[in-house]
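Everything below concerns the one structure shown next.
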Amino acid sequence: MQKRISPAASVSGSITLPGDKSISHRYAMIAAISEGETLIHNYSTGADCHSTLGCVRALGIEAEERGTDVRIRGRGLDGLRAPAGDLDAGNSGSTIRMLSGILAAQPFRSRLFGDESLSRRPMQRIMQPLAAMGAKIAGRDGKFPPLEIEGGPLHPIDYVSPVASAQVKTCVLFAGLFAGGTTSVTEPVRSRDHSEIALREFGADVRVEREKVSIAGRPRLTGRELTVPADLSSAAFFIAAALMLPGSSLSIRGVGLNPTRSALLDFLVGEILVRHSLLAGGVIEKGLTAALIDEIPVLAVLGAVTRDGLTVRDAAELRIKETDRIRTVAENLRRMGVDAEELPDGLAVPGLQRLHAGEFDSYGDHRIAMAFAVGALAARGDSVIHGADAASVSFPGFWDTLAGITD
Ligand code: S3P
């Protein structure tokens with residue numbers, strides 16, 4: 001699917017965004033291994049979170065959807081059933097990596113696969129700690145999906161992760177739920193803490209000490225009623241549009257402002273009623289890079305219209321997201337007539353540049369489709385986004401929401 005985007009003078013109004021993708025995945029997975037019913041309100045409408053629900057159902061769990069409410073009948077830590085076929089994680093790195101932690105402890109075999117993009121993403125980062133816990137897990141060429149997991153008893157570990165990755169941390173903590181004793185994960189920089197919070201909400205004993213998170217094995221998890229806040233990473237596109245277009249005034253309702261995710265706001269603005277501003281630009285590096293990792297594509301577009309430009313460092317992780325986002329961002333920026341230098345671990349985008357209309361390609365990556373749609377609003381002339389349907393991975397209503405706020 002392709003979308004034509006005309007320039008907009010401003011964006012205005014009030015919008016509601018889908019439920020947070022990270023939180024939705026975690027609630028669904030933890031609910032499945034909790035005892036009793038969980039009711040999740042405002043579950044993400046994105047395809048990724050539906051991949052998680054599909055896997056959970058294939059493991060014998062009832063998950064009933066009514067609009068954005070999802071009712072999950074949990075069967076406790078030992079209640080999952082062997083799947084009849086392979087588990088489809090679709091495009092979702094969170095599904096395959098986090099669910100593997102649970103599957104590694106089951107008394108059955110499972111096989112997880114994904115789409116073409118997911119099949120190219122590295123899995124050693126979870127295979128290594130799970131193997132250290134005693135799991136038998138194999139991947140294509142020893143490192144890619146499909147993953148074959150022969151579940152069994154696990155023992156706790158004290159894992160020091162070389163990467164700041166919430167997916168890796170979650171995978172190990174989920175596996176730790178099934179191990180006797182305490183499992184811990186230490187990260188170089190703390191990643192988003194949604195798992196720590198969600199696990200506690202369901203009754204797990206989770207302790208946090210600086211970059212180290214520990215979980216006690218075999219807790220009693222119980223179902224509950226929860227509401228997912230709106231996704232700040234989806235809000236990022238609209239915040240960027242409002243900042244870029246003069247005369248904009250946009251209010252975004254119900255956004256989750258968890259401090260491990262809201263670095264975007266510290267970096268950009270002070271309130272979430274967003275008005276056009278001349279942005280200074282700056283450097284994103286070290287811990288800030290980890291905190292802003294999903295927002296970098298749209299920040300790079302925004303960087304071109306800032307006063308000082310934007311430099312991103314320490315972001316080699318971007319190369320192994322749904323696409324190599326350093327390359328796909330730089331490529332599309334060039335098509336926008338924007339000067340951008342690709343660095344091994346980031347990007348350098350000089351400021352005070354003009355954005356030109358053109359043809360942009362999502363390369364099948366949701367955040368690239370949405371980032372360049374925002375850029376196209378500020379360009380002169382009509383642009384085309386190829387592969388626009390990719391947005392539905394996290395935000396199926398993106399194009400309608402965008403059309404509803406542009407003047
Ligand atoms: C996520 C963690 C991040 C992020 C992804 C969602 C999560 O990935 O990019 O979109 O929900 O835990 P990494 O764990 O690979 O950094």
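The values are calculated or read from the model by the stated rules, or taken from the named source; none is laboratory data. All values derive from a computational prediction rather than experimental measurement. Ideal geometry is used to build each Cβ from the backbone, glycine not excepted, and the neighbour counts take in all protein chains shown. Heads up: the accessible areas ignore ligands, DNA and RNA and are worked out on the full protein's heavy atoms, side chains in. Shrake-Rupley method; radii C 1.70, N 1.55, O 1.52, S 1.80 Å.
Neighbours of residue 60, meaning other residues whose beta-carbon lies under 11 angstrom from its beta-carbon, give a summed charge of +3 when Lys and Arg score +1 and Asp and Glu score -1.
About its Cα centre, how strong a charge dipole does the chain have in debye, to the nearest 20, once Lys and Arg get +1 and Asp and Glu get -1 at the Cβ?
Approximately 440 debye in magnitude.
When nucleic acids and ligands are ignored and a 1.4 Å probe is applied, residue 366 ends up with an accessible area of around 0 Å². Quick check: from the Cα gyration tensor, does region 132-195 come out rounded (a/c under 1.5), prolate or oblate? Oblate shape, in that a/c is at least 1.5 and b/c is the bigger or equal ratio.
According to the square roots a ≥ b ≥ c of the eigenvalues of the Cα gyration tensor, what is the shape class of region 266-372, taking rounded for a/c under 1.5, prolate for a/b larger than b/c otherwise, and oblate for the remainder?
Numbers: a/c = 1.40, a/b = 1.11, b/c = 1.26.
It comes out rounded by the Cα gyration axes.
The phi torsions of region 143-159, fed into the Karplus equation with coefficients 6.51, -1.76 and 1.60 and a -60° offset, translate into couplings of 8, 10, x, x, 9, 10, 10, 9, x, x, x, 10, 10, x, 9, 10, 9 Hz, rounded to whole numbers, with Gly and Pro shown as x. Label-to-label distance, residue 155 versus residue 109, with points set 7 angstrom from Cα along the beta-carbon direction: 2.5 nm.
Rank these by accessible area, largest first, 1.4 Å probe: 221, 278. Write out the running numbers ahead of the final one.
Values: 221 5, 278 130 Å².
My answer, sorted largest first, is 278, 221.
Could you calculate the contour length gain from residue 320 to residue 257, that is, 0.36 nm times the residue separation minus the distance between their Cα atoms, to one decimal place in nm? Walk me through the numbers on the way to the answer.
Working: separation 63, 0.36 × 63 = 22.68 nm, distance 2.60 nm.
Once the chain is fully extended between residue 320 and residue 257, it gains 20.1 nm.
Between the residues 122, 53, 216, the greatest Cα displacement towards the positive end of the dipole of the chain, with unit charges on the Cβ of Lys, Arg, Asp and Glu, is found for 216.
Treating each Cα of region 150-308 as an identical point scatterer and summing with the Debye formula, the log10 of I(q)/I(0) at q = 0.09 Å⁻¹ comes to -0.39.
How many percent of DSSP beta bridges within the chain run antiparallel, rounded to 5?
Values: 44 of 66 bridges.
Of the beta bridges lying entirely in the chain, close to 65 percent run antiparallel.
Run a plain Debye calculation on the chain (Cα atoms as equal point scatterers, no solvent) and give log10 I(q)/I(0) at q = 0.08, 0.09 Å⁻¹, rounded to two decimals, same order as the q list. Listed by q, the Debye log ratios stand at -0.41, -0.52.
Roll a 1.4 Å probe over the protein chains and send me the accessible area per residue for the chain in Å².
Numbers: 14880 Å² over 407 residues.
Ligands and nucleic acids excluded, the result is 37 Å² per residue.
Rolling a 1.4 Å probe over the protein heavy atoms of the chain, with every protein chain left in place, gives an accessible area that is 49 percent carbon and sulfur. Let me know the shape class of region 21-227, please: from the alpha-carbon gyration tensor, a ≥ b ≥ c as square roots of the eigenvalues, rounded when a/c is under 1.5, otherwise prolate if a/b is greater than b/c, or oblate. Rounded shape, in that the Cα axes give a/c under 1.5. For the chain, the number of Lys pairs with C-alpha atoms closer than 28 Å, counting only pairs eight or more positions apart or on separate chains, is 20.
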